[in-house]
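Scroll down for the structure; my scribbles are underneath it.
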Amino acid sequence: MRFSSFIFILLNFLVAVHGRTEEDEGVKYADKCEVCKILAVELEQRLQETGKSRDVLETGYSLDDVKPKKKKEYHKSELRLIESLEGVCDRILEYNIHKEREDSTRFAKGMSQTFQTLHGLVDKGVKVELGIPYELWDKPSAEVTNMKTQCETVLEHSENDIEDWYWNHQDQPLTNFLCRDRYLKGQDSKCLDEQLKGDTGKETTTKSEL
């Protein structure tokens, strides 16, 4: 059984037995702004990684091998975009919920301060009961797996906008071009101004040098 399925079953069980809602259990799913923001950040980071390649692609062919093949730099190619988009939403599973934070920075990579403390207690021999097996503590939470699913929906909805940005507007942060000006146009976009934080609580850069 996938962990995300386990979490949903567990939450539904709690609701059925105790009449408690997911909100009562501290579950707060990402909103549209948070999902688009994380997608934009991860895609820019992925493009930064793939943009380091200086490979040259050769396309086209001829039967007599007389005509030269067309050459295209990889970092300016459609292939780079395709490979960067592939699995970009899977990267969200590297995030954790930092419940000590109230805004969108609650989604961050690295172990939260809460779980660092809990793991420290276990290491000292203290018995800690969270209602889920210890081996599942560090698995993606329901909020994170739900965000991954939402990310895939945003990606499908915004494919043309992302392509337009890639070819014509990389001088603009993707959080602005895609999220603020298009996907969230006319809606709440304040989360885009909240700086992402790592597990240390320090702010991280949201715009990559592509």
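The values are calculated or read from the model by the stated rules, or taken from the named source; none is laboratory data. Treat the numbers as computed from the prediction; the structure is a model and nothing was measured. Note that we place each Cβ from the backbone using ideal geometry, even for glycine, and neighbour counts take in every protein chain shown. Side chains are part of the model used for accessible areas, which takes the heavy atoms of the whole protein and leaves out ligands, DNA and RNA. Shrake-Rupley method; radii C 1.70, N 1.55, O 1.52, S 1.80 Å.
One table, with the values for the structure above:
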read-out	value
Wholly within region 33-141, strands (runs of 3 or more DSSP E) carrying at least 1 residues that are modelled with pLDDT of 85 or more	95-97, 107-109
Subset tally (residues that are touching a residue at least 60 places away in the same chain (Cβ under 8 Å) and farther than 16 Å from residue 84 by Cα) for region 154-175	2
Subset of region 33-53 (residues that are open to solvent by 10 Å² or more (accessible area, probe 1.4 Å) and charged (D, E, K, R))	34, 46, 49, 52
